[in-house]
Amino acid sequence: MKLKQVSLGGIATVIIAAALVAHPQTAETQTQQFGGVDDLAYADALWAALAQAKLAGPEAMHSHFYEGTEPHGFVLEIFDSELSVNGHTGRVIVKNNYGPQGVDAMDVANDPAAHLAAVTVMFRREAGYDTDNKNWFWAKYLPNGSLDQNPAGMQLAGRVAKGADQGCIACHSAAPGEDYLFGTDRAD
């Protein structure tokens, strides 16, 4: 820990402690929590691994379709598996989000590709990636594998909305249990 002593006009002395960060941050990651160059590259590798495992993309397998809720879609489909990305194997949750409003599970089952609106993914990265949020990497893809964007134009990959009152992390941190997942609380 580095300590710096600063005098405030001879009246008071303040000691400021600056903790050394466990992993170095670039200027980009200090100002941008998600959507940076590293996040985009990782999101591309993640999509490629998902497509290879047939968890996303044109050859993706399908499961049980069920009624969804916003913000994810009116019909949902979830896969919970393990996946290897860039040499790291972690838990992956893939949620296919179907719409538009008024679509039902039977409509989606009859033509999933016509109704797929987005693919949202949580991937458990290596220890130390984001210990505050259980090391989850978040991404929201459009059906073609490109990243979706928020209203400010930031691509949705990485520590999406970390520290914000709304968004992926804010919502999932409120999930019961300790795994940031709704409907399950399973240790990895």
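The values are calculated or read from the model by the stated rules, or taken from the named source; none is laboratory data. These figures come from a predicted structure and were not determined experimentally. Cβ atoms come from the backbone with ideal geometry, glycine included; neighbour counts cover every protein chain shown.
Quick notes on this one:
- Of all the numbered requirements in (1) at pLDDT 80 or above; (2) in contact with a Gly (Cβ under 6 Å, 6 or more places away or on another chain), ALA164 misses one, and that requirement is (2).
- Only one of the listed residues (GLY128, GLY145) is under 19 Å from ASP179 (Cβ atoms), in a loop (DSSP other than H, G, I, E, B), out of contact with any strand residue (DSSP E or B) (no Cβ under 6 Å at 6 or more places or on another chain) and touching a residue at least 40 places away in the same chain (Cβ under 8 Å). That residue is GLY128.
- Residues that are of a type in the set (A, V, I, L, M), in contact with a Phe, Trp or Tyr (Cβ under 6 Å, 6 or more places away or on another chain) and assigned to a loop (DSSP other than H, G, I, E, B) within segment 53-89 comprise just one, LEU55.
- Yes/no for THR131 being crowded, with 17+ Cβ neighbours inside 10 Å and of a type in the set (Ser, Thr, Tyr): no
- The condition of being closer than 21 Å to GLY57 by Cβ, at pLDDT 95 or above and touching a helix residue (DSSP H, G or I) at 6+ places or on another chain (Cβ under 8 Å) holds for only one of LEU116, LEU147, that being LEU147.
- Hits in segment 29-73 (condition: in contact with a helix residue (DSSP H, G or I) (Cβ under 7 Å, 6 or more places away or on another chain) and touching a residue at least 60 places away in the same chain (Cβ under 8 Å)): GLY36, ALA56, GLY57
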